[in-house]
Amino acid sequence: MKTVSKKFRECPECGGNKFLEDKTRGELRCAKCGLVVKESMIDRGQEWRAFDSEQISRRARTGAPLTFTKHDKGMTTEIGKGLGELYKVPGKKRAQYYRLRKWHKRLIESKDRNLSFALSELQRIISFLNLPKPVHERIARYYEDAVDKGLVRGRSIESVIAALVYAVSRQFGTPRTLDEIAEASGLEKREIGRTYRYVARELHIRILPADPKDYVPRFCSILNLSDMVQANAIKILKQAKKLDITSGKGPTGVAAAAIYIACVLGGEKRTQREVASIVNVTEVTIRNRYKELVEKLGLEKEVEEKTKEESS
C-alpha cells in the first residue's frame, strides 16, 4: 500500500487530496477519512512474479527498447533469416517463399535503404572513435532529420555522417578532431568541414567553440599520464581562459601545451614530439602556445626549476 498524491482531485467526504492505493484489493482510499473513492481497479502490472534479474529478463515478453541507431527503430519484420531458411520450407512452397522474400525487399522504401547503409557506416565510425551511446543515438536522429529534409541529396552519405559525428561529439563534450574523423571516414577534412557547415545551418545545430579542456582527459589517457597531471592541465587551462589567453587559438594546440607544462611540473617526462604526435599538431605550435601560457600565467620560474632538477 502506498500514498498517492493526486492533483486536481479531492475526497468528496473531507476534501483531502492524498489517497492510499491498495493494489491487493484494487481500491483507492482517502488517507484522511478512509472513504473508498474507487474500487475494482485494474492491475496494470505484469501477472507474473520474479525474484532476481535473471528471472525478470527470462520472463519478460517485451523486446529491446526502440532506438534510432537502427533503420527500423529495432522493430525488424523480415521473411526468413537468410537463404538457409529456404531449405526448411516444403519443396512445393519454396518458389512462393522465395517470391515473398524478393518482393518484401523490393517494397522497402528508399529512405529505409538509405538509413540501413548510413547507420552501418555510423556504427563503424562510432566504434573506431570510441564514442558513447548517447552520441550515437543523437547522430542517428539528426541523420534521419537530414534525410527527411532532403539534405543528403547531392552529397555523399559518408560526408554527412562524418559531419554529424564532428558536430554532436562537440555538443556532448567529447570532441574529436577533424583529423581523427577524416582518418575514420576516409574523407578529406575540407569535404567534412564544408558538409558540417551546411548541415549544422540547416538542422539548426548550435555548436559553441571547442573548449581545450574537453580534449585533456583523452589525450592524457593516450599518453598514460597520471590523474595529477590531468588535473593540473585542466587547472592551467581554466586560468588561461580567465585571462583570455585561449581565445582565437586552436583548442588542440592549447590543450597540448597545457599537458606538456603539467608534465614538466608533475615530473612525468614527455617530449614535445611525443605530445605532438598524439594530439596531431606540430611541435612549433606546442612551443608557441607553451611560451604564451608560461609567460602570461607567471610559471616561468617554476618550470625552469623543475627542468633543472630533471636535468641534474
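When the chain is treated as a GNM with alpha-carbon contacts under 10 Å, the residue of Q230, Q171, Q55 showing the greatest mean-square fluctuation is Q55.
Given their separation in residues at 0.36 nm each and the Cα-Cα distance between them, L66 and K308 gain 81.2 nm when the chain is fully extended. Ordering S53, L100, M228 by the projection of their Cα atoms onto the charge dipole of the chain, which places +1 on the Cβ of Lys and Arg and -1 on the Cβ of Asp and Glu, puts L100 at the extreme positive end. Of the three principal axes defined by the Cα atoms of the range 212-311, the extents in descending order read 34, 28, 25 Å.
For the range 110-202, the residue among I126, G173, L187 whose Cα projects farthest onto the positive side of the dipole built from Cβ charges is G173. The angle between the Cα long axis of helix 251-266 and the main principal axis of the chain comes to about 70°, on a 0 to 90 degree scale. In a fully extended conformation the segment linking Y198 and N17 would gain 59.8 nm over its present Cα-Cα distance, using 0.36 nm per residue.
The label-point distance for M228 and S156, in a model that sets each label 7 Å from Cα toward Cβ, rounds to 4.8 nm.
Bridge orientation summary for the chain: considering DSSP beta bridges with both residues in this region, about 100 percent are antiparallel. Calculated from the structure, mean projected area of the Cα convex hull in nm² equals which of [x] 20.9; [y] 16.9; [z] 29.2? Given [x] 20.9; [y] 16.9; [z] 29.2, the structure-derived one carries the label [z]. Under a 5 Å amide H cut-off, with hydrogens placed 1.01 Å from N, L20 pairs with V4, R29, C30, A31 among residues at least 5 apart or on other chains. Approximating the spin labels as points 7 Å out from Cα along Cα→Cβ, the S57-to-N130 distance works out to 2.5 nm.
Taking label points 7 Å from Cα along the Cα-to-Cβ direction, D148 and K92 give a separation of 4.8 nm.
Segment S221..I79, full-extension length gain: 46.5 nm, with 0.36 nm per residue of separation and the alpha-carbon distance subtracted.
The dipole here belongs to the chain: it is taken about the Cα centre, uses +1 on the Cβ of Lys and Arg and -1 on the Cβ of Asp and Glu, and is about 1600 debye.
Estimated purely from DSSP H runs of n ≥ 4, each contributing -39500 (n - 2.57), the mean residue ellipticity at 222 nm for the chain is -17000 deg cm²/dmol once divided by its residues.
Here r is the Cβ-Cβ distance between R190 and S110 and R0 is 30 Å; the resulting FRET efficiency, rounded to 0.05, is 0.55.
For the chain, set up a Gaussian network in which alpha carbons nearer than 10 Å are linked by springs, and say which option among L208, L122, L100 fluctuates the most. Result: L100 has the largest fluctuation of those listed. Comparing Cα centroids, the range 164-200 and the range 276-312 end up 29 angstrom apart. With a cut-off of 8 Å between alpha carbons and a minimum separation of six or more residues, what is the relative contact order of the chain in percent? It rounds to 8 percent for the chain. Between E10 and R49, take the C-beta separation as r, use R0 = 45 Å, and let me know the FRET efficiency to the nearest 0.05. Approximately 0.80, to the nearest 0.05.
FYI, it's all coordinate maths here, none of it is from the lab. Just so we're clear, the structure is a prediction, and the values are computed from it rather than from any experiment. Glycine gets a Cβ as well: all are built from the backbone with ideal geometry, and neighbour counts include every protein chain shown.
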